[in-house]
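Novice: Below: one structure in structure tokens.
The values are calculated or read from the model by the stated rules, or taken from the named source; none is laboratory data. Keep in mind the model is a prediction, meaning the values are calculated, not measured. Please note: Cβ atoms are built from the backbone with ideal geometry, for glycine as well, and neighbour counts cover all protein chains shown.
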Ligand SMILES: Nc1ncnc2c1ncn2[C@@H]1O[C@H](COP(=O)(O)OP(=O)(O)O)[C@@H](O)[C@H]1O
Ligand SMILES: [Mg+2]
């Protein structure tokens, strides 16, 4: 029996773990080695260059050590105890996502967006990634009419291998960091968007990530390319059921904007964050980076991070093209025992490049919330400008907020402005609003919405509404 | 309208109000004066329902109803308004947004229809004149980056908009220059009428040159040690708190 056959027979055993969504899984055995990587690549029918890319990344990864500098704590992850490929045997349709954990469903009911209505969103094309694979991509035809490619990265590797080859790993090299290297070795699916020259994408593109399998890690890979003069707005949403074990989500997202192109990337991250005592939840260790390759290009990251047990994430922009613009708008909410270490890097290489960083951290419960940001100005970046604001809000007195701004400037013509504040949502603010007639709940949500306003106004409408509701659910009962 | 009977209140275990008796009828202006730390702000916060202050003895009646169990927002919707000595800043929340939400929550309470943003905009613009405030303050975040005087004016703007039955004005005059004091006082005079009660808390009598009180009470160490007509304020100004209080103590012996 060949090794592959042997593994196959293992895989075809019924899986004994209690999954929340009752579907049959096609799982690989636990553990990570070159054979597993070959199996992933083979399963997906990938071109050779991809397998080489993966193996190179894996060999790199073996030599690397897990970063310890983030301001987060977690028990050591046993990478040999994870399942690296887990796909529903039968491809479920997106509208059959309704067998999810009742608590999650309940949450969504509360949000007023039942999961099965997700795909009914008008004018938003959705790629649904369920554990390791993309299960459906909507509106593909309509998009193809204007030349926009929107599909899973697996399909892209089959249908447009040259395009993928040209760009994948160019923004985040396979050896960039520990988790990016791991992702480069074992990524299983994700979205691919290609906006051709001069095209304004006619609808929002969106990927909806779902982790359902308790034992598998999720390693998704997203690549967005906007050619000269193209523009696109992309949304990312994520949820996971409540498991008492932690799941690892180590994604890589690469954005490439050529001359005069614009990419707007918005995330509302609502992974399961563990229970009150910090049991369970997602480890969200994500590398996101965009390059403004062309002149006058623009990349804008907006993120609302409300979930995950641990968040480790620094969506960054390399401002290579002259006059290019990088933006980072972030709201990170932590409650209970959650930990977040998030921020951005703005790397100014081109002349007159501009970046804006607006970070709003809200900490409640016993959580820990850190902003970590780097503004780097290269030698040739004459006239580069950065403006950063990092505000933290504390709810209660058992949580922590930290700010770690790093500035490296090699050009004396650059201007860098940094403002930071920490405030406490106080009894006095609440009392002030109550004394005007607002009840406590309205008072708290008004204060919080005021605090995050600068960031939320960057979100597309549907997301802004969802994010506002998420915030109040997340912080419910944490004040007073 | 407001009746306070033998009110004792404490904060963090320290008794601050030690038996206050006070009655304000509709149309009356009562000035409460007293040295720093005598409990003036505490009295106004307790009436407004600040949760940090615990009433340990006595009662507060508003329009005949004991309001002890009511939260601050419920009292506000009944028609009690507190203009803060130190107005609180709320970044990101526009002044007009706050006032509209507050105004509508009060209207809902009375079973009235909410005002839509356009209607409200008209309504609030009429009120701006009362305190001679620039409309640009409507779009600014509540008290955020306002000067001390602007904050006080903003309190009176809110008073004008929310149109309560009972106004508790906690040192609205402090931090105002003479011109602003005039504007704010005249604003208050325009707002008050025979159906409203005013509790005017102040450290100095100068605001009383503009707003004539019907009664003046001197607060000392959590007790009202002397009450009188408007002439009492002048006497305080001339003789100082110490003398007044001493003579009170003398009388008591
Ligand atoms: N949270 C608190 N804990 C303890 N003492 C307080 C607290 N708040 C106010 N006080 C005390 O109560 C007294 C009255 O304060 P306040 O009502 O603000 O006086 P006034 O407004 O007349 O200056 C002061 O001695 C003050 O120090
Ligand atoms: Mg005071």
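Novice: Could you check the stretch A:143-221 for strands (runs of 3 or more DSSP E) lying wholly inside it with 1 or more residues that are in contact (Cβ under 8 Å) with a residue 60 or more places away in the chain?
Specialist: Counting at least 1 such residues, we get A:191-195, A:204-210.
Novice: Taking the options B:227, B:185, name whichever one is more than 14 Å from chain A (Cβ to nearest Cβ), in a strand (DSSP E or B) and either at pLDDT 95 or above or away from ligand 1 (no atom under 16 Å from the Cβ) (or both).
Specialist: Numbers: B:185 fails: in a strand (DSSP E or B).
Unique residue meeting the criteria: B:227.
Novice: Would you point out the residue of the stretch A:27-40, among those that are under 12 Å from residue A:86 (Cα atoms) and surrounded by fewer than 18 Cβ atoms within 10 Å (Cβ to Cβ), that is modelled with the highest pLDDT?
Specialist: A:30
Novice: Just a yes or no: is a residue in the stretch B:129-141 at pLDDT below 95, more than 14 Å from every other protein chain (Cβ to nearest Cβ), over 29 Å from residue A:389 (Cβ atoms) and buried (at least 16 other Cβ atoms within 10 Å of the Cβ)?
Specialist: Yes.
Novice: Mind checking which strands (runs of 3 or more DSSP E) fall wholly inside the stretch A:318-434 and carry at least 1 residues that are surrounded by 18 or more Cβ atoms within 10 Å (Cβ to Cβ) and within 14 Å of chain B (Cβ to nearest Cβ)?
Specialist: On the way: elements: A:325-334, A:339-348, A:354-363, A:368-377, A:385-394, A:400-409, A:415-424.
Ranges flagged: A:325-334, A:354-363, A:385-394.
Novice: Something else: For the stretch B:156-173: of the residues being within 16 Å of ligand 1 (Cβ to nearest atom) and more than 10 Å from every other protein chain (Cβ to nearest Cβ), which is surrounded by the fewest Cβ atoms within 10 Å (Cβ to Cβ)?
Specialist: Applying the first criterion (within 16 Å of ligand 1 (Cβ to nearest atom)) to the stretch B:156-173 yields B:168-173.
Then drop every residue that is not more than 10 Å from every other protein chain (Cβ to nearest Cβ), which leaves B:169-173.
Values: B:169: 28, B:170: 24, B:171: 21, B:172: 28, B:173: 23.
Per the stated criteria, the residue is B:171.
Novice: Within the stretch B:186-210, which residues are in contact with a helix residue (DSSP H, G or I) (Cβ under 6 Å, 6 or more places away or on another chain) and surrounded by fewer than 21 Cβ atoms within 10 Å (Cβ to Cβ)?
Specialist: B:190, B:191, B:205, B:210
Novice: In the list B:74, B:15, B:23, which residue meets the criterion of being more than 20 Å from residue B:172 (Cβ to Cβ) and touching a residue at least 40 places away in the same chain (Cβ under 8 Å)?
Specialist: On the way: B:74 fails: touching a residue at least 40 places away in the same chain (Cβ under 8 Å); B:23 fails: touching a residue at least 40 places away in the same chain (Cβ under 8 Å).
On inspection, the qualifying residue turns out to be B:15.
Novice: State which residue is surrounded by the fewest Cβ atoms within 10 Å (Cβ to Cβ) when the search covers only the stretch B:81-91 and only residues that are within 8 Å of chain A (Cβ to nearest Cβ) and part of a strand (DSSP E or B).
Specialist: B:91
Novice: Does residue B:88 fit the bill of being farther than 19 Å from residue B:183 by Cα and within 16 Å of ligand 1 (Cβ to nearest atom)?
Specialist: Values: farther than 19 Å from residue B:183 by Cα: yes; within 16 Å of ligand 1 (Cβ to nearest atom): yes.
Judged against the criteria, residue B:88 is a match.
Novice: Same structure again: If residue B:197 meets every condition in (1) under 30 Å from residue B:120 (Cβ atoms); (2) over 15 Å from the mean Cα position of the chain (by Cα) apart from one, which number is that one?
Specialist: (2)
Novice: Please tell me if residue B:244 is within 27 Å of residue B:5 (Cβ to Cβ), more than 14 Å from the chain's Cα centre (by Cα) and part of a helix (DSSP H, G or I). Break it down into steps so the answer makes sense when it comes.
Specialist: Details: within 27 Å of residue B:5 (Cβ to Cβ): yes; more than 14 Å from the chain's Cα centre (by Cα): yes; part of a helix (DSSP H, G or I): yes.
It is true that residue B:244 is within 27 Å of residue B:5 (Cβ to Cβ), more than 14 Å from the chain's Cα centre (by Cα) and part of a helix (DSSP H, G or I).
Novice: In addition: Is it the case that the stretch A:443-451 has a residue that's without any contact (Cβ under 8 Å) to a residue 60 or more places away in the chain, in contact with a helix residue (DSSP H, G or I) (Cβ under 6 Å, 6 or more places away or on another chain), under 14 Å from residue A:305 (Cα atoms) and more than 10 Å from chain B (Cβ to nearest Cβ)?
Specialist: No; the residues of the stretch A:443-451 include none that is without any contact (Cβ under 8 Å) to a residue 60 or more places away in the chain, in contact with a helix residue (DSSP H, G or I) (Cβ under 6 Å, 6 or more places away or on another chain), under 14 Å from residue A:305 (Cα atoms) and more than 10 Å from chain B (Cβ to nearest Cβ).
Residue-wise test of (1) within 16 Å of ligand 2 (Cβ to nearest atom); (2) within 20 Å of the chain's Cα centre (by Cα).
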site	(1), (2)
B:110	no, no
B:124	no, no
B:128	no, yes
B:140	no, no
B:143	no, yes
B:155	yes, yes
B:170	yes, yes
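Novice: Please specify each residue of the stretch B:196-214 satisfying the condition of being in a loop (DSSP other than H, G, I, E, B), away from ligand 1 (no atom under 16 Å from the Cβ) and touching a residue at least 60 places away in the same chain (Cβ under 8 Å).
Specialist: Initially, the stretch B:196-214 is screened for residues in a loop (DSSP other than H, G, I, E, B), giving B:196, B:203-205, B:210-214.
Narrowing the set further to residues that are away from ligand 1 (no atom under 16 Å from the Cβ) leaves B:196, B:210-214.
Across the stretch B:196-214, the qualifying residues are B:196, B:211, B:212, B:213, B:214.
Novice: Among (1) in contact with a helix residue (DSSP H, G or I) (Cβ under 6 Å, 6 or more places away or on another chain); (2) away from chain A (no Cβ under 14 Å); (3) over 30 Å from residue B:242 (Cβ atoms), which single condition is residue B:99 missing?
Specialist: The failed condition is (2).
Novice: When the stretch B:22-48 is examined, which residues are found to be more than 14 Å from chain A (Cβ to nearest Cβ) and within 11 Å of ligand 2 (Cβ to nearest atom)? Break it down into steps so the answer makes sense when it comes.
Specialist: If we filter the stretch B:22-48 for residues that are more than 14 Å from chain A (Cβ to nearest Cβ), which is where we start, we get B:22-40, B:43.
Hits for the stretch B:22-48 are B:32, B:34, B:35, B:36, B:37, B:38, B:39, B:40, B:43.
Novice: If we keep just the residues of the stretch B:49-64 that are away from chain A (no Cβ under 14 Å) and on the phi > 0 side of the Ramachandran plot, which is surrounded by the most Cβ atoms within 10 Å (Cβ to Cβ)?
Specialist: Within the stretch B:49-64, the match that is surrounded by the most Cβ atoms within 10 Å (Cβ to Cβ) is B:58.
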